[in-house]
1. Considering amide H positions built from the backbone, and no H for Pro or chain starts, which residues 5 or more places from C:ARG226, or on another chain, come under 5 Å of its amide H?
2. To the nearest 10 degrees, how steep is helix C:111-123 against the longest Cα principal axis of chain C, on a 0 to 90 scale?
3. Can you list the HN-Hα couplings for region B:75-81, worked out from phi with the Karplus curve (6.51, -1.76, 1.60; θ = phi - 60°), rounded to whole Hz and with x for Gly and Pro?
4. What spacing in nm lies between the two simple spin-label points modelled at B:THR196 and A:LEU6, each 7 Å away from Cα in the Cβ direction?
5. Rounding to the nearest 10 and keeping the result within 0 to 90°, find how far the Cα-based axis of helix C:189-206 lies from the longest principal axis of chain C.
6. Which log10 I(q)/I(0) values does region A:56-103 give at q = 0.20, 0.25, 0.27 Å⁻¹ under the Debye formula, counting every alpha carbon as one identical point scatterer?
7. Does chain A come out rounded, prolate or oblate by the C-alpha gyration tensor, with a ≥ b ≥ c the root eigenvalues, rounded set by a/c under 1.5 and, if not, prolate when a/b is larger than b/c and oblate if not?
8. Using modelled amide H (1.01 Å from N, peptide plane; none on Pro or chain starts), what sits under 5 Å from the amide H of A:ARG79, excluding residues fewer than 5 places away?
Amino acid sequence: MLQYVLKRLLSTLPVLLGISLLLFFMLRMLPGDPAQVMAGQMASPEDIKIVRHQLGLDRPIFVQYGIFLSRLAKFDLGRSARTQSPVIKEIWARLPNTVLLAVAAITLACLFGIPAGIISATRPYTWIDYLFTSMALFGISMPVFWLGLMLVVIFSVVLHWLPAGGTGSWKHIILPSFTLAAFVVAFITRMTRASMIEALSQDYTTTARSKGLEEKVVIVKHALKNALIPIITVVGLQFGLLLGGAVLTETVFAWPGIGRLIVDSILARDYPVIQGTILIFGLLYILVNLFVDMIYAFIDPRIHYD
Amino acid sequence: MTETTQPQAWSIQRSADSQFKRNWAKLRRNKAALFGGILILIYVITALLAPVMFPGSPSAPNLSRSLERPSIANPLGTDELGRSILGRVIYGSRVSLLIAIGVVFVGLLVGVPLGLVSGYYGGKVDFGIQRVTDSLLAFPGILLALALVAVLGVGLKNTIISVGISMVPIYIRLVRGCALSVREQTYVEAARAVGTRDRTILLRHILPNVMVPITIQTSLGMGMGILSAAALGFLGLGVQPPTPEWGAMLGSGRAYLFHAPHVATFPGIAIFLAVLGFNLAGDGLRDVLDPRFRL
Amino acid sequence: MKQESLLSIINLRTRFHIYEGMVTAVDGINLDVYRGETLGVVGESGCGKSVTALSILRLLASPPAEIQGTILFENVNLLDLNLDEIRRIRGNAISMVFQEPMTSLNPVLTIGEQISEAIRLHQGVARQEAWSKAVEMLQMVQIPSPDMRVHEYPHQLSGGMRQRAMIAMALSCHPRLLLADEPTTALDVTIQAQIVDLMERLKEEFDTSIVLITHNLGLIAEMAKRVLVMYMGKVVEEASVEDLFQEPLHPYTQGLLESIPWIGKKLKTGRRQLQEIPGMVPSLLEMPEGCRFHPRCSRVMNICSKEEPPLVQKGGRRVLCWLWA
């Protein structure tokens, strides 16, 4: 098992390399001169030249990439063009907030989505199935940022129950996490329903019933356990997407996470920060996928990684 | 409480109607899909007849009427520059429809050939394309589109390209998966054994089988495209003012949330209904064409 | 002396509501199973034999399925029982073995768990005891190293072993009736023989009656005492095994027997060729008028296409055919 984990981690390297390459070249194509941005408005052409040299921007592009990679190995992601502080520090300050939000959202989504999916699957085409499926459909079709805004209107503006943004108390996390969860719950419900219906139509379900087992047992012990694999896949996938969807929610609710960091740095052309945050996102996403794969092995005895 | 078992090895020969006719009949019976289709139709008509439905320019500012609540004169109210929100929502349908079509077009144009080649030929070509796809897919959600926008710049054209490219990996994966399984079918082997050229096999055997998931994905993709573009617009990185794009309208309406919430509400409803329409239609297509290719 | 029947099916009609209309999969069949006997039910795919078995245990979803008639098991009408009551019978007094052991066993549960859960449920014993009984059952079906195998998952067993495990599972609570739906069809021929032996032995040991559903006439010849032949939802012939094979009455049965390939067999014309029943089984949605077999019958008469044949008693046998009316 350990071997497998190590192998997988190693195999993520080419992907990370690929991302870094993509990013590196993409950012070099950004309009605007980063040296100028770093040097500031008042800088003279000489100053800019000095800054350019400092940033290594006057070297051939492959050398730049080489320097970039070597720095990466040392976890040095450079300095923010705006604040001059190390990118790693900026990210580290905000990452926990985003992760917190994502975890809260996925937990909410699973708590509601999985049971809803199971109920839908065991009573297909009844009013309750239609209700849940419609809710799921609405969830996917709704723009996350609009939902957030509407929730703010209802709960902040009209009812004054919850704050509209920022952090501070436990109240502050409610609206953002519900907003994020609404989007994800839709996928989870749909996948759970589909997966359960599939499992319930399998031969082994008939066998279980033919032994006289209670329907409850058939659903949970026999069907659900089989249905979990696709469900977990979706949950894992969604967690990864949440890290990205956080971008919008964080903007709406002024939540100090890395999502906002990315947007702000794109608007400000802060190369190092853009690069660093996207790389970190990529890494996180890959780690989540790896984690999900490992969970599979626990659930499905047919999968062995040796 | 239902307990379901279908008897094994039991088939009924159905009536001899053509496949298309049967599918069409099934689709029409699916109320949800029908509703979705109607929604889409409404949008298309609105987009086409926009100047008829709302004479005058939707983007001309009229500061004297800034931020008015919905009234007879302006059924959806006005925004911060005094423009009728109704008018902007109506014209926004043009923008969104354009985006939906453009985005899917880009995705198909690049994704389908790459997926076919990757799935059918395998080997190094497949490996290379797959690693690139992996890298692209490692960007969760709208990040890829964001990153591309950062490079290409903002505006309608760049939005379409960025969101379109973020769809490409999805199409590649979809088409590749399909191509892979079709490739293993005996009739493809037979075709190869007879000496059929690769190109012919790709076009006559593999492509038709891929059409089903592509069609479904296209409908869903149009909805996704509108959402992504709206997200970019909301962040200020998509379609730029004064072009009326629903997401951008939401973004600028956000500042007035507390005393003029209508500015942000209505464009959002428009997005919601449009995406809902595409999702319903896509789901309906999937139910009819092949329940195997579920989410 | 007429034996008391263990299971009596009287005028069973099972229909399904589907998009194109109402389909009758089992159309008014009658059968009896006596203690200690193996009853064979033979027919092509789609004739309704599996649906009959599923109807007995009421494993069909109630819409779209609609079951009418009477199924008497030890003098209780199974179709009158509520769900709880029928669950007490399932796996307990009446058990079922299915065709595909790979898909019929739950891939994420151990063999031991799948066997012992029925024991725990019906015999009210504790986990430990149920587990050791499961091991005993595995031993009885001759699976080697049962105490190790009991912890394994279905995919770790071979096809033959899986089927044995299924049999172990079905017999774990010593049912009085075993419904075996194509128990050997998915297995290699050599393994088939082993499974047949196993089933015979266990039948003796547990005094279980078996309803053996199959399209394999060879299997019927080996295991069954009496046979029912089904076609398109009806029983077309019923006889003892010897009578059926020596003197088939119904043209369909004759056709089935003639189509068994023999090395060296020659047709009446003197040619060596596979004999077949011409035509195909029609769709259940388009049932022929009169006798359902008449479009394919080599001895068809005028009346066959107009009226349904009566059930004729002939000695200890029954046949549904105008030829014998």
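FYI, it's all coordinate maths here, none of it is from the lab. Because the structure is predicted, anything quoted here is derived from the model rather than measured. So basically every Cβ, Gly included, is an ideal-geometry build from the backbone, and we count neighbours across all protein chains shown.
1. So C:ARG226 has HN proximity to C:THR38, C:GLY40, C:VAL241.
2. It works out to around 90 degrees.
3. Values per residue, Gly and Pro as x: x, 10, x, 10, 9, 5, 9 Hz.
4. 4.8 nm
5. Here the helix axis deviates by roughly 70 degrees.
6. -0.77, -0.93, -0.98
7. Verdict is oblate for chain A.
8. For A:ARG79, whose amide H was placed from the backbone, the distant partners under 5 Å are A:VAL87.
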